[in-house]
Each structure stands twice: as C-alpha cells, then as structure tokens.
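K.L.:
Input: one structure, supplied below.
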Amino acid sequence: MELKGEPAVAITQTIPLREHWTVEQAFSAVSASIKEVHRLGVAFSGGVDSSLLLALAVRALGSDSVVALLGVSPSLAAEERKAAHEVASQVGVSLVEVQTHEGDRSEYQANGPDRCFFCKDELFSRIEDEAADRYGLDAIAYGENADDVRRPDRPGARAAANHHVLRPLAEAGMTKRDVRTVARALGLQVAEKPAAPCLASRIPHHHPVTSAKLSQIERAESALRQLGFTDLRVRHHDEVARVELPPEDLARAVVDPLRTKMLAAVRGAGFRFVAVDLGGIQSGAFTLPLLNSDHE
C-alpha cells in the first residue's frame, strides 16, 4: 500500500515557532496536517510526544480512524510496553503491537551513530508490510517535535522521510515544552513523563548491541525505579554500569542506606562495578560527541 506523506527529502531547519500554545491551536495545526487522511496509524511509544499526537489525531479523525502502532522488540522495556497500553486506553484507541527485528540487522548490531536509522527503518517497513493493509491505513505519523528537528543526532528522522511518514508536531513548530504544555491541558497521564529512549541508546557506539546487554540494562533500571528513582539511565560499559541521574538525586544516591541498595540492585543485573556519573542525565551522551568531532 502506498502511504501518504512527505517526500524523502532533507528535513528543513526553519520551522516557525509559536510563543504559546493552546489546545485548540495544537488541534488546528495537527488537523491541517492530516486533513486528507481517512485512517491514520501513529507510530506510538507511550512517550509524551506520540501520546499528544495520538490524542489530537483522535480529536481530528475520531477514535475509529486512528490506530496506535507500538514497535515491540528487546530494546523496549517491559515497563514502557505496559505504560503504552495504559496511555492508549486513556486516549481511547486500539493499540496494535508490531514485532520488529532490528536486532537481526548487522548495521543495527554494529551500533554506529546511525543505529536509530536502521531501527526506525525496520519499524516503518514492518508497519507498511504488516499493518497498513490489515488496518486500512492510508498514512503513518510519528511524534517528532520541533526540538528534535534541530538536533543532529536523530538519524531516525531520515528513515521517517524515506517512508513518507507524517510529522505534524514538528511541522506545526511545537517544541518539547509546547508538547508538555498541551498534554498537561488535555490531562494526559504522561504530560510530565521523563524522556525514555530505547534501551540500545545506553550502549556506547561501536560496542555491539546484544539482547543480553539490553536485558541487563532493563533489569538494572527497573530495580533502580523500585528504589524511587523516576528519571535515570544505566549506561552499559561492559562490567561497569554508569548510572545517570538528575542533579537533585545525586546526593542521596551516594549516602547509605540508598547507596548500598543501589549497589545491590545494579550488581543483581549482572554488572560488577557501579558508578554514579556526576554529570547527571545527558541526552545524546554517546552520539553527540561523535557528531561534533566530525565537524571540527
């Protein structure tokens, strides 16, 4: 099935931004992007961006004309999978799980800075091959926002363009802050949810992605959440787990009894050493330094 959407061209960096967003303004902008769509599939992760897109699409097209499509693989944590189902239920749409096999691709396993391209290419290919006809979809959209467009470490956007995937939030000029503002106004349960990149993003580039490493990371992060941390990353450095936390959590993390509990929790996932990174949470920690060095 041929899907409607933008052509496979370079993504513009000159998206206009609005000072403040209301629900009605966001609704109008998204509606304009999908006005010719009859049945829309939303590549859905359960994060705030795709959740807002899903909710606005339902307002525009009706719940019977929108399907949430969740890519499921070892790189998706079980907690994130469960949470995505809960959000889709709150929005009132059907959620379809799409099994993806990016882990079988040698390019993905190699874990270069372009790893996300192969992951997204796998997702959108599976959607086209297995979901589009089955659910009568004539377009796919995903939750890229205007801040994402301006970042150089988003190779998945190239895969989206290649597959003609719509990006209504980015085209409207909605930043991450705007997305959270409108999600909050709509009462979405994920409005304040921290960003949750896939588990593979915790592995340094050029270190192979394996299901064993992904499982280790998932177990360690889940155990730390049970200790009360809500925003964190466990970076996989072979025997060493480098734990990233928000600055406000750093002090309590290194004082007993929490320090001892953290040590046991992360070692229980199979790591030998546990380090707390004083730099805190660092988005793009592995990819941005490589990209910046290429332009020096």
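K.L.:
Has region 218-225 got any residue that is closer than 17 Å to Ala83 by Cβ, outside the structural domain of Asp49 (by TED's automatic domain parsing), out of contact with any helix residue (DSSP H, G or I) (no Cβ under 7 Å at 6 or more places or on another chain) and free of Cβ contacts under 8 Å to residues at least 40 places away in the same chain?
P.N.:
No, that holds for no residue.
K.L.:
Then there's this: Just one of Ala146, Ala110, Ala183 is among the small types (Gly, Ala, Ser), at pLDDT 95 or above and in contact with a Leu (Cβ under 8 Å, 6 or more places away or on another chain); which is it? Talk me through it step by step, then tell me what you get.
P.N.:
On the way: Ala146 fails: at pLDDT 95 or above; Ala110 fails: in contact with a Leu (Cβ under 8 Å, 6 or more places away or on another chain).
From the options Ala146, Ala110, Ala183, the qualifying one is Ala183.
K.L.:
Which one is nearest to Val182 (Cα to Cα), of the residues in region 41-56 that are hydroxyl-bearing (Ser, Thr, Tyr) and part of a helix (DSSP H, G or I)? Break it down stepwise before answering.
P.N.:
Quick first cut of region 41-56, residues hydroxyl-bearing (Ser, Thr, Tyr) only: 45, 50-51.
Now narrow it down to the ones that are part of a helix (DSSP H, G or I): 50-51.
Details: Ser50: 13, Ser51: 11 Å.
Taking the candidates together, the pick is Ser51.
K.L.:
What are the residues in region 45-81 that are in contact (Cβ under 8 Å) with a residue 60 or more places away in the chain, hydrophobic (A, V, I, L, M, F, W, C) and under 26 Å from Ile203 (Cβ atoms), if any?
P.N.:
Of everything in region 45-81, those that are in contact (Cβ under 8 Å) with a residue 60 or more places away in the chain, hydrophobic (A, V, I, L, M, F, W, C) and under 26 Å from Ile203 (Cβ atoms) turn out to be Val48, Leu69, Leu76, Ala77, Ala78.
K.L.:
Another question, if that's okay. Taking only region 204-235 into account, find how many residues are surrounded by 23 or more Cβ atoms within 10 Å (Cβ to Cβ) and outside any helix (DSSP H, G or I).
P.N.:
Looking only at that region, the number is 3.
K.L.:
Something else about it: Search region 107-160 for residues being assigned to a helix (DSSP H, G or I), more than 17 Å from the chain's Cα centre (by Cα) and not charged (D, E, K, R), and hand back the single one that is surrounded by the most Cβ atoms within 10 Å (Cβ to Cβ).
P.N.:
Going through region 107-160, the residues assigned to a helix (DSSP H, G or I) turn out to be 107-110, 115-131, 146-149, 156-160.
Filter once more, keeping what is more than 17 Å from the chain's Cα centre (by Cα): 107, 109-110, 125-126, 128-131.
From what is left, the residues that are not charged (D, E, K, R) are 109-110, 125, 131.
Values: Gln109: 15, Ala110: 15, Ser125: 16, Ala131: 19.
Per the stated criteria, the residue is Ala131.
K.L.:
Okay, next question. Please list, ordered by first then second residue, the pairs with beta carbon atoms under 9 Å, 6 or more apart or interchain, first in region 190-215 and more than 15 Å from Glu102 (Cα to Cα) and free of Cβ contacts under 8 Å to residues at least 60 places away in the same chain, second among the aromatic types (Phe, Trp, Tyr) and in a loop (DSSP other than H, G, I, E, B).
P.N.:
Arg202/Phe286
K.L.:
Answer with yes or no whether Val42 is crowded, with 24+ Cβ neighbours inside 10 Å, of a type in the set (Val, Ile, Thr) and closer than 16 Å to Leu186 by Cα. Write out each step before concluding.
P.N.:
Details: crowded, with 24+ Cβ neighbours inside 10 Å: yes; of a type in the set (Val, Ile, Thr): yes; closer than 16 Å to Leu186 by Cα: no.
Against the criterion (crowded, with 24+ Cβ neighbours inside 10 Å, of a type in the set (Val, Ile, Thr) and closer than 16 Å to Leu186 by Cα), Val42 does not qualify.
K.L.:
Which one of the conditions (1) under 16 Å from Gln189 (Cα atoms); (2) surrounded by fewer than 22 Cβ atoms within 10 Å (Cβ to Cβ); (3) without any contact (Cβ under 8 Å) to a residue 60 or more places away in the chain does Ala84 fail to meet, given that it meets all the rest?
P.N.:
Among (1) under 16 Å from Gln189 (Cα atoms); (2) surrounded by fewer than 22 Cβ atoms within 10 Å (Cβ to Cβ); (3) without any contact (Cβ under 8 Å) to a residue 60 or more places away in the chain, the lone unmet condition for Ala84 is (2).
The values are calculated or read from the model by the stated rules, or taken from the named source; none is laboratory data. Keep in mind it's a predicted model, so treat the numbers as computed, not measured. Here Cβ is always computed from backbone atoms with ideal geometry, including for glycine, and neighbour counts include all displayed protein chains.
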